[in-house]
Amino acid sequence: MSFADLLPRLGRWAIGYLFRLGHAAFFLVELLKNTPASLRRFYLVVAQIHAIGNYSVVIIAASGLAVGFVLGLQGYYTLSRYGASESLGLLVALSLVRELGPVVTALLFAGRAGTSLTAEIGLMKAGEQLAAMELMAIDPKQRVLAPRLLGGIIAMPLLAAMFSAVGIFGGYVVGVLMIGIDPGQFWSQMQSGVDVWDDVGNGIIKSFVFGVTCTFVALLEGYEANATPEGVAQATTRTVVISSLAVLLLDFVLTAVMFSTPR
Amino acid sequence: MTRRNIETLVGLFVLIGFVAIGYLALKAANLAAMTVGETYVVTARFDNIGGLKPRAPVKSAGVTVGRVASISLDGKTFQGLVTMELEKRYAFPKDTSASILTAGLLGDQYVGLNPGGEDENLAAGDTIKMTQSAVVLENLIGQMLYNRAAESGGEAKK
């Protein structure tokens, strides 16, 4: 293949990529335009919070507890080398509230709720249910997609907060009950080092952004899926891959903006 | 599942979420203990502020009485200008001295207030005249080395 051949290929790839990105942006705008209408029929959103949020509570709590345990053990191992094992509470709380809570919740969310959203909408499309709705003059974006987007956006920060809270409890169980750090030191170090707005607040903002990202990617992939069994399968895979990558990259950007500048 | 059941479960979910946020704010970040009462502003100039950061506590006799609001460089005297917000319910005499101390060997730095004996109290906008800079570890080590050298030099003379 000659170089002259390669250049148009690269150009075609770049244009196609930009086209898909622009398409996704328009799709998001259209979904957001439809959210006020779904607020008027709030029960649709409530049902989605139930499907997305309630069923994720157990997996979120279990992973939060496990992550808290591990943070407690690993943090103690490192901190005790510097004779600072009392700071374990601070280490566990800061890493959970700032990073692990929002990020791990978002990754679990992509796997637990994002896939089911994509598969559901992909199959609705494959079964021509969306087309049938359009025939009945019902906008599927308004009736099907917007409530799911809102449900995901509402559920994610709450799930992330649960993850962090359970994780801190896990760190407490390992640090104080098993290893035997003084509980007073554990909590007081945490309380003097964690700020409500800078740490907890920014963590909630992060998980809100991840909620929009994960739900939106899942909906877009489902809506754009090829209306075949393979198409739905590929779309589901893409949902997990794209939302995980997007969450991790966005997390870096958000962390750089939120925490890199000294207060 | 009936509509009412789903709504109850979602209500429970949202409630647990808010409890978790409240738990993080109150138990982990200690929102309740933050200075929320009225404050007044006092400034102090230090030759060297060391590692003092905004929002560091201001303590007197070990009790937190306020927070550092901002730190800047005084362009005229080339000293660090530290603005502190002290709680209104605590009043300090005008000749109170301020020093920058360290919590533990490697801990965070904070401002310690040592009350003086004057009858008049510091008012809002006042400047604390007597200050003691942060202890810079390098200077201490340098001083120690210098003293050691001086000692051994003296012994050699004998």
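Coordinate-derived values only; no laboratory data. Quantities reported herein were computed from a predicted structural model and do not represent experimental measurements. Every residue, glycine among them, receives a Cβ derived from its backbone with ideal geometry; neighbour counts consider all protein chains shown.
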Rounded tilt (10° steps) of A:42-52 against the dominant C-alpha axis of chain A: 60 degrees
Apply the Karplus parameterisation 6.51 cos²θ - 1.76 cosθ + 1.60, with θ equal to phi minus 60°, to every residue of segment A:189-195 and state each ³J(HN,Hα) to the nearest whole Hz, in sequence, with x for glycine and proline. 4, 5, 5, 7, x, 9, 9
With a/c under 1.5 counting as rounded, go ahead and sort segment A:158-216 into rounded, prolate or oblate using the C-alpha gyration tensor (a ≥ b ≥ c being the square roots of the eigenvalues; past the cut-off, prolate if a/b is larger than b/c, else oblate). oblate
Any chance you could run the full-extension gain for A:Leu123 through A:Asp5? It's 0.36 nm times the residue separation minus the Cα-Cα distance, nm to one decimal. 38.6 nm
If you take the square roots of the eigenvalues of the alpha-carbon gyration tensor of the protein assembly as shown and sort them as a ≥ b ≥ c, do you get rounded (a/c under 1.5), prolate (a/b over b/c) or oblate? prolate
Within the set of other residues whose C-beta is less than 13 Å from the C-beta of A:Tyr43, count the net charge using Lys and Arg as +1 and Asp and Glu as -1. +4
Lys and Arg at +1, Asp and Glu at -1: neighbours of A:Gly122 with Cβ under 10 Å from its Cβ sum to -2
Proxy reagent accessibility, fewest Cβ within 10 Å first, across B:Thr96, B:Thr102: B:Thr102, B:Thr96
Amide hydrogen neighbours beyond the local backbone of B:Thr39, cut-off 5 Å, H modeled: B:Lys88
Relative contact order in percent for chain A (Cα pairs under 8 Å, 6+ apart) equals 32 percent
Using helices alone, what [θ] at 222 nm do you get for chain B, with -39,500 (n - 2.57) per DSSP H run of 4 or more residues, divided over all residues and rounded to the nearest 500? -9000 deg cm²/dmol
Over chain B, what relative contact order in percent results from Cα pairs under 8 Å that are six or more residues apart? 23 percent
Tell me what chain A gives for mean residue ellipticity at 222 nm when only DSSP H runs of n ≥ 4 count, each as -39,500 (n - 2.57), the sum divided by the residue total, rounded to 500 deg cm²/dmol. -26000 deg cm²/dmol
Going by how many other Cβ atoms sit within 10 Å of their own, how do A:Asp139, A:Asp251 line up, fewest first? A:Asp139, A:Asp251
Give me B:Leu9, A:Leu130 sorted ascending by neighbouring Cβ count inside 10 Å, so fewest comes first. B:Leu9, A:Leu130
Considering chain A as a Gaussian network with a 10 Å cut-off on Cα pairs, which listed residue, A:Gly22, A:Gly167, A:Gly75, attains the greatest mean-square fluctuation? A:Gly22
Name the residue, out of B:Asn48, B:Asn121, B:Asn139, whose mean-square fluctuation peaks in a Gaussian network model built on chain B with Cα pairs under 10 Å. B:Asn139
Out of A:Ala25, A:Ala47, A:Ala66, any idea which swings most in a Gaussian network model of chain A, alpha carbons joined below 10 Å? A:Ala25
What net charge do the residues around A:Leu248 carry, taking every other residue with its C-beta under 14 Å from that of A:Leu248, with Lys and Arg at +1 and Asp and Glu at -1? -1
